[in-house]
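Written out below as structure tokens is the structure these notes cover.
The values are calculated or read from the model by the stated rules, or taken from the named source; none is laboratory data. Remember, predicted model here, so these are calculated numbers, not experimental data. So basically every Cβ, Gly included, is an ideal-geometry build from the backbone, and we count neighbours across all protein chains shown.
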Amino acid sequence: MRYLTAGESHGEALVGILEGFPAGVGMTAAYIERQLLRRRKAWGRSGRQRRETDTVRILGGLHRGATTGAPIALLIANRDARPLSASAVPLPGHADLAGALKYGFSDVSIVRERASARETAMRVALACFPRRLLGGLGITVAGRVVRIGDVVDERDSSGHGNLHEAMRRELDSAAAAGETLGGEFEVVARGVPLGLGSCVQWDRRLEGKIGAQFMSLNAVKALEIGAGFGLSGSKGSAAQDAICRDHSRRGFYRPTNRSGGIEGGMTNGELLVVRAGMKPLPGAAGNCASLDLRTGRTASPRRYRSDTCAVPAAAVIGESLLALALADALLEKFGSDSFQELKARVESWRQQCRVPLRRSA
């Protein structure tokens, strides 16, 4: 399974194609728009989100409300479409300078238009198909905000819960001061079958595929799975998850989950826990020194409309990114022609994993 997106932040529309997705998964534009609304209405967003409606057109890949196995094509029109406002002063913390030099532009706004996080609206839309597929297999994906600035939510890794009240106050204070904030978010997947991914080659390890999804999200600068960085200070005897088994439907299980549901590049049947750290967005960098690319002189970049904090929205987007990675791994292991075949194979595999292994020949 693979996907592509195209379009600019203030262009006419975003477009996306999802290929390699099985037939027989139900979908409606209304379902996609509900997920897009969660992204758009997250706390800390800019005024632009009141202008956009994120209305989706499904252009191909569905027949009578279900996928056909053909490439899925989506379009989201931008209501805030407008001509580019030319600028030769790159914004620190953005893609402006590197992109302008790489592609030979003197107008950094050309780079900014594609590098913008507006593109993630299409990723959320495309990921609705994997979300539905996972849901049909008893797999749920949910995100939560862990940290906003200096405020940490100490609740457990449930993957659920509203934004902590202290976080809202921190966001409101930053917005009033014209500042931006970073933070951390966590995404948890439940019901993931054992054995997704592989240990046989570096590029087939599931952590790498999850990392590619999350590290491609704007402003994400750190990623951990399970206890992550916390394990770096542990002794080996205290860092592993014991293997247990009961005789009920559960089968093999771990009483702890320090590895976050992945060992040796493969899922082990426990909760899959991914946490990402985001830097503050560069929208408040108007007082940060830059250069005019035409004159070479020191210049102050223009202040741009920006989210105060993108972490609450990123928790929603992160659900989509994990759904894309897991669906791809599922289809790689069990096949991608039709959902009914996939469901039967997954259930058969789950039953097989509950039975003790026979001695190898």
**Fill in**
Scanning region 218-266 for residues that are on the phi < 0 side of the Ramachandran plot and assigned to a helix (DSSP H, G or I) gives PHE229, GLY230, LEU231, SER232, GLY233, GLY236, SER237, ALA238, ALA239
**Request:** Would you mention how many residues in region 37-89 are basic (Lys, Arg) and either touching a strand residue (DSSP E or B) at 6+ places or on another chain (Cβ under 7 Å) or surrounded by fewer than 16 Cβ atoms within 10 Å (Cβ to Cβ) (or both)?
**Result:** 7
**Complete:** Across region 288-347, the tally of residues that are touching a Cys at 6+ places or on another chain (Cβ under 9 Å) and either over 18 Å from CYS128 (Cα atoms) or without any contact (Cβ under 8 Å) to a residue 40 or more places away in the chain (or both) stands at 2
**Request:** Go through (1) closer than 30 Å to GLU179 by Cα; (2) touching a residue at least 24 places away in the same chain (Cβ under 8 Å); (3) out of contact with any Leu (no Cβ under 8 Å at 6 or more places or on another chain); (4) surrounded by fewer than 18 Cβ atoms within 10 Å (Cβ to Cβ) one by one and return the number of the condition ALA13 breaks.
**Result:** (3)
**In region 72-124, residue modelled with the highest pLDDT [restricted to those that are among the acidic types (Asp, Glu) and touching an Asp or Glu at 6+ places or on another chain (Cβ under 8 Å)]** = GLU113
**Prompt:** From LEU74, LEU126, LEU134, which residue is farther than 28 Å from ALA174 by Cα, assigned to a strand (DSSP E or B) and touching a helix residue (DSSP H, G or I) at 6+ places or on another chain (Cβ under 9 Å)?
**Reply:** LEU74
**Request:** Identify, by number, the condition in (1) within 24 Å of ASP153 (Cβ to Cβ); (2) surrounded by 16 or more Cβ atoms within 10 Å (Cβ to Cβ); (3) over 17 Å from the mean Cα position of the chain (by Cα); (4) among the hydrophobic types (A, V, I, L, M, F, W, C) that LEU194 doesn't meet.
**Result:** (1)
**Asked** Does VAL273 satisfy the criteria of being more than 30 Å from ARG112 (Cβ to Cβ), touching a Lys or Arg at 6+ places or on another chain (Cβ under 9 Å) and surrounded by 19 or more Cβ atoms within 10 Å (Cβ to Cβ)?
**Response** no
**Any hit, region 168-183, residues being surrounded by fewer than 18 Cβ atoms within 10 Å (Cβ to Cβ), touching a strand residue (DSSP E or B) at 6+ places or on another chain (Cβ under 6 Å) and not β-branched (Val, Ile, Thr)** = no
**Message:** Going by what's in this entry, would LEU171 be described as in a loop (DSSP other than H, G, I, E, B) and either touching a Gly at 6+ places or on another chain (Cβ under 8 Å) or not aromatic (Phe, Trp, Tyr) (or both)?
**Reply:** no
**Asked** Name the residues in region 333-344 that are assigned to a helix (DSSP H, G or I) and either surrounded by 15 or more Cβ atoms within 10 Å (Cβ to Cβ) or of a type in the set (Ser, Thr, Tyr) (or both), would you?
**Response** LYS333, PHE334, PHE339, GLU341, LEU342, LYS343
**Message:** So LEU91 ticks every box in (1) in contact with a helix residue (DSSP H, G or I) (Cβ under 7 Å, 6 or more places away or on another chain); (2) outside any loop (DSSP other than H, G, I, E, B) but one. Which box is left unticked?
**Reply:** (2)
**Message:** Only one of GLY269, GLY195 is of a type outside the set (Phe, Trp, Tyr), part of a loop (DSSP other than H, G, I, E, B), on the phi > 0 side of the Ramachandran plot and at pLDDT 95 or above. Can you tell me which?
**Reply:** GLY195
